[in-house]
Amino acid sequence: MSNRCAVIGVGQTKYQTRRLDVSIAGLVREAALRALQDAGLTFADIDAVVIGKAPDLFEGVMMPEAYLADALGAAGKPMMRVHTAGSVGGSTALVGASLIQGGVHERVLVVAFEKQSESNATWALSTHVPFSASLVVGAGGYFAPHIREYMRRTGAPGHIGTLVAVKDRLNALKNPYAHLRIPGIDRKTVEATPMLWEPIRYLETCPSSDGACAMVLSSEAAVTGTPAWVHGTAMRSEPIFRAGRDTVSPQAGKDCAADVYRQAGITDPRGELDVAEVYVPFSWYEPMWLENLGFAADGEGWKLTESGATALDGDIPWNASGGVLSANPIGASGLIRFAEAALQVRGRAGEHQVDGARRALGHAYGGGAQFFAMWIVGSEKP
Amino acid sequence: MRSEHVLEFPGGYTRTTGPVIGRFLTELRDARLVGVRTAQGRVLVPPLEYDPATGEPVTGEWVPVGPAGTVESWAWVGTPRPGHPLATPFAWALIRLDGADTALVHAVDAGSAKAMRPGLRVRPRWRAERAGHITDIESFVPEVTGMVAPIRLTYQIQPGEALSRFLAKVRDGILLGGRCDSCHAVYVPFRSACPQCGTPITEEVELPDTGTITTFAINNLPDPRAPEVPFVSAYILLDGADVPMIALVGGVPAHEVRQGMRVRAVWVPEAERTASMANIKWFAPTGEPDVEL
Ligand SMILES: [Zn+2]
């Protein structure tokens, strides 16, 4: 049995295209100070810092953890960096949680960020190394074929992706930190935007954002304020190229979900969870992950989306915050999912609060859908 | 009928500044910015001899201001005229210097109109030779808020044993795969170990250059490796392989590509072949019936 771990502070920056007023150090510090303020603590109360971000090539800053130690009050304390591609924010929270659960530290600050405006992620993901025998064009170019295959397998009608794109952006209007705020957005708005990587339209993708998110994690003895208790944590990975790999519903995602549900004692995620913050950077990934995570049977995920079950007033709201589709500081996006799950069960999600949320899922994936990180948090002690 | 007429007082008017404007221009010549305080306590920059609010003379109190200031509003000059302070496009701006209560009109050399906004922080760019004139400030320029950090890393890349073996065969127009000794899955390109079970791969398998499109994207964003937009990047399962390769599809309009479509590699002429995947221009439909996926 591991020790109990709780989220006692959450801090976010306003996500936007460019934060020209702050350096990377200023950006992460803003999130960290807000998380500490939420917990009623200062840097002096923190034992260790865990920082996550996506590939160094995104900003061209190698080993950012060394540069950012001062900004995060880590001088003289253990500090480490986590990197698992797009899932890194989730993995960062889980590494921090493991330091509490293992009894190593009492309070850990976890922080993740991306300042996408300093470069171009599509460039960084498509560097065309010599001798490569493969042709991949950015994240959208990589994921579009898997979405197409999902549509073929399930016979999902073409407008499902549009429904998610609208739903998440309507939720974003209730989240002051969200990047994309498109008042009055509807299906016509989304359908009028061009196909970038068919079948993915412009407004069915996530924006490029600058931003940081931070959380203060604590042992049971060191809790201050309102805790969100960690009920389960799991990470899984799988090789990107292996014979028989299901790229639509990766085995690593199923295994990761099964593990985290087992720890939290959940057998029916749709019925037993109150809200889920799931990494959906392309709108079609909502129905795909609904199936992969066991909220719907194989081939039925799109029906759940279409029925409105995942809307803010549905029986299992997904991405009440607006999700990755409404703000994507890549390295931070996973941590934001985990933090939003915590905000929900702490009753602190503001206008996008799901009434009476008691248990929530935070989810992140990365690479070629090959890294997964998940946690379940609850308002009551596990 | 038309005739050019020039009206110019020879040598220019001589203008007596008076003590207030004179002090301002004297400070300018020394590359300093000052404002004058009114009886009501406001600081006027540029100074005036009489307070426009009350009509009273301004006080004799001079206040250092700036050198930085904030743009309050601006108009972009896309085509500068001969008498303008700058020969390149610039903005006329109302700039309120730090410590001043009024704004000064001057040029801002911001590079492009996109860089201009109310609230923009600017500083004076002084002329080396100054005469006691408002043009002693050549223009204002934005404060430094960013920098370019060029990074260029040069690598010597070797493809490694397995990929070298594959590429050597590609030079001969052959696609080389490898069969896992343990789970018998066939991987292409040839690789030295099985990603599924970790077993070393020793058995080489020459695969045909035909296969089936399992799925694909229609890319509407340009890419240097694609001949045109839109282009199709597809997962192609070569006949006899257990993992797909990602490759370009050509010889067919993008919107006629289908999952299950049969394709064959289109090779560049033998004389142009090298040990590289550039040997395959793309995969094109064979015309065979689609395969059930
Ligand atoms: Zn094997």
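Scanning the range A:186-217 for residues that are within 30 Å of A:Ala6 (Cα to Cα) and aliphatic (A, V, I, L, M) turns up A:Ala212, A:Ala214, A:Met215, A:Val216, A:Leu217.
A single entry from A:Ala221, A:Ala234 fulfils the requirement of being farther than 27 Å from A:Gly161 by Cβ and surrounded by fewer than 18 Cβ atoms within 10 Å (Cβ to Cβ): A:Ala221.
Please state which one of A:Asn175, A:Asn171 is touching a His at 6+ places or on another chain (Cβ under 7 Å), over 30 Å from B:Thr274 (Cα atoms), modelled with pLDDT of 95 or more and not in a loop (DSSP other than H, G, I, E, B).
Details: A:Asn175 fails: not in a loop (DSSP other than H, G, I, E, B).
Result of the check over A:Asn175, A:Asn171: A:Asn171.
Per-residue answers, yes or no, for (1) within 16 Å of the ligand (Cβ to nearest atom); (2) touching a residue at least 60 places away in the same chain (Cβ under 8 Å); (3) over 18 Å from the mean Cα position of the chain (by Cα):
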residue	(1), (2), (3)
A:Gly244	yes, no, yes
A:Pro250	no, yes, no
A:Arg262	no, no, yes
A:Leu273	no, yes, no
A:Ala297	no, no, yes
A:Thr305	no, yes, yes
A:Asp315	no, no, yes
A:Asn319	no, yes, no
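Within the range B:145-171, being more than 11 Å from chain A (Cβ to nearest Cβ) and more than 19 Å from B:Glu203 (Cα to Cα) holds for B:Thr154, B:Arg171. Take the conditions on the phi < 0 side of the Ramachandran plot, crowded, with 19+ Cβ neighbours inside 10 Å and either touching a His at 6+ places or on another chain (Cβ under 7 Å) or basic (Lys, Arg) (or both) and apply them to A:Leu109. Does it pass? Taking the combined requirement at face value, the residue does not satisfy it.
When the residues of the range A:142-181 are filtered to those that are buried (at least 24 other Cβ atoms within 10 Å of the Cβ) and small (Gly, Ala, Ser), which remaining residue is nearest to the other protein chains (Cβ to nearest Cβ)? Among those residues, the one meeting the criterion is A:Ala144. For the range B:21-36, check the following and say yes or no: at least one residue is touching a helix residue (DSSP H, G or I) at 6+ places or on another chain (Cβ under 7 Å) and surrounded by fewer than 18 Cβ atoms within 10 Å (Cβ to Cβ). Taking every residue of the range B:21-36 in turn, at least one turns out to be touching a helix residue (DSSP H, G or I) at 6+ places or on another chain (Cβ under 7 Å) and surrounded by fewer than 18 Cβ atoms within 10 Å (Cβ to Cβ).
Applying the selection to the range A:266-279, what residues are surrounded by fewer than 12 Cβ atoms within 10 Å (Cβ to Cβ) and either touching a Pro at 6+ places or on another chain (Cβ under 6 Å) or part of a loop (DSSP other than H, G, I, E, B) (or both)?
Within the range A:266-279, the subset surrounded by fewer than 12 Cβ atoms within 10 Å (Cβ to Cβ) is A:267-268, A:271.
Scanning the range A:266-279 gives A:Thr267, A:Asp268.
The residues of the range A:90-131 that are farther than 24 Å from A:Val61 by Cα and of a type in the set (S, T, N, Q), listed by number, are A:Ser98, A:Gln101. Flag not set for B:Thr274, criterion: among the β-branched types (Val, Ile, Thr), closer than 24 Å to B:Tyr187 by Cα and facing chain A (nearest Cβ under 7 Å). Taking each residue of the range B:194-222 that is over 24 Å from B:Leu293 (Cβ atoms) and more than 7 Å from chain A (Cβ to nearest Cβ) and looking for partners that are among the basic types (Lys, Arg) and within 16 Å of the ligand (Cβ to nearest atom) with beta-carbon atoms closer than 6 Å, six or more apart or interchain, yields B:Glu203/B:Arg179. Checking A:Ala258 against (1) away from chain B (no Cβ under 14 Å); (2) more than 19 Å from the chain's Cα centre (by Cα); (3) under 30 Å from A:Gly102 (Cα atoms): exactly one of these is not met. Which one? All conditions are met except number (2).
Being closer than 16 Å to B:Val266 by Cβ and within 9 Å of chain A (Cβ to nearest Cβ) is the filter; apply it to the range B:234-245 and report the residue that is modelled with the lowest pLDDT. Don't jump to the end; show me each part of the working.
Let us first name the residues in the range B:234-245 that are closer than 16 Å to B:Val266 by Cβ, namely B:234, B:236, B:238, B:245.
This time we only want the ones that are within 9 Å of chain A (Cβ to nearest Cβ), so: B:234, B:245.
Details: B:Ala234: 95, B:Met245: 92.
Of everything passing the filter in the range B:234-245, B:Met245 is modelled with the lowest pLDDT.
The test for being within 16 Å of the ligand (Cβ to nearest atom), surrounded by fewer than 19 Cβ atoms within 10 Å (Cβ to Cβ), of a type in the set (Val, Ile, Thr) and assigned by TED's automatic domain parsing to the domain that holds B:Val257 holds for B:Thr202.
Where strands (runs of 3 or more DSSP E) fall wholly inside the range A:189-245, the ranges with 2 or more residues that are within 14 Å of another protein chain (Cβ to nearest Cβ) are A:195-198. So which residues in the range A:59-106 are crowded, with 24+ Cβ neighbours inside 10 Å and closer than 21 Å to B:Ile151 by Cα, if there are any at all? Selection gives A:Leu68 alone. When you scan the range B:118-129, do you find a residue that is away from the ligand (no atom under 16 Å from the Cβ), assigned by TED's automatic domain parsing to the domain that holds B:Leu104 and in contact with a helix residue (DSSP H, G or I) (Cβ under 6 Å, 6 or more places away or on another chain), even just one? Yes; the residues of the range B:118-129 include at least one that is away from the ligand (no atom under 16 Å from the Cβ), assigned by TED's automatic domain parsing to the domain that holds B:Leu104 and in contact with a helix residue (DSSP H, G or I) (Cβ under 6 Å, 6 or more places away or on another chain). Taking the range B:16-72 as the range and being basic (Lys, Arg) and assigned to a loop (DSSP other than H, G, I, E, B) as the test, the residues that pass are B:Arg32, B:Arg42.
Assess whether B:Glu72 counts as being of a type in the set (Asp, Glu), surrounded by 10 or more Cβ atoms within 10 Å (Cβ to Cβ) and under 33 Å from the mean Cα position of the chain (by Cα). Yes; evaluated as a whole, the condition is true for this residue.
Can you say whether B:Leu175 is aliphatic (A, V, I, L, M) and modelled with pLDDT of 95 or more, as far as the supplied structure shows? Please lay out each step first, then the result.
On the way: aliphatic (A, V, I, L, M): yes; modelled with pLDDT of 95 or more: yes.
Answer is yes for this residue.
The set of residues from the range B:161-196 being within 18 Å of A:Glu238 (Cα to Cα) and away from the ligand (no atom under 13 Å from the Cβ) is empty. Could you count how many residues in the range A:73-102 are among the hydrophobic types (A, V, I, L, M, F, W, C) and farther than 25 Å from A:Met374 by Cβ? Within the range A:73-102, residues that are among the hydrophobic types (A, V, I, L, M, F, W, C) and farther than 25 Å from A:Met374 by Cβ number 2. When each of A:Ala121, A:Ala112, A:Ala97 is tested for being at pLDDT 95 or above and touching a helix residue (DSSP H, G or I) at 6+ places or on another chain (Cβ under 8 Å), the lone residue that passes is A:Ala112.
When you check B:Thr212 against the structure, is it within 16 Å of the ligand (Cβ to nearest atom), in a strand (DSSP E or B) and hydroxyl-bearing (Ser, Thr, Tyr), yes or no? No.
Do any helices (runs of 4 or more DSSP H) entirely within the range A:34-141 hold 1 or more residues that are closer than 30 Å to B:Pro189 by Cα and within 13 Å of chain B (Cβ to nearest Cβ), and if so, which?
On the way: elements: A:64-68, A:88-101, A:121-124.
Passing ranges, in order: A:121-124.
The set of residues from the range B:152-190 being loosely packed, with under 11 Cβ neighbours inside 10 Å and of a type in the set (A, V, I, L, M, F, W, C) comprises B:Leu153, B:Ile157.
Taking strands (runs of 3 or more DSSP E) that do not extend beyond the range B:113-187, which have at least 2 residues that are in contact with a strand residue (DSSP E or B) (Cβ under 6 Å, 6 or more places away or on another chain) and farther than 17 Å from B:Ala93 by Cβ?
Working: elements: B:121-126, B:137-142, B:175-180.
So the answer is B:175-180.
The values are calculated or read from the model by the stated rules, or taken from the named source; none is laboratory data. It should be emphasised that the depicted structure is a prediction, and the values quoted were computed from it without experimental measurement. A quick note on method: Cβ atoms are made from the backbone with ideal geometry, for glycine too, and the neighbour counts reach across all protein chains shown.
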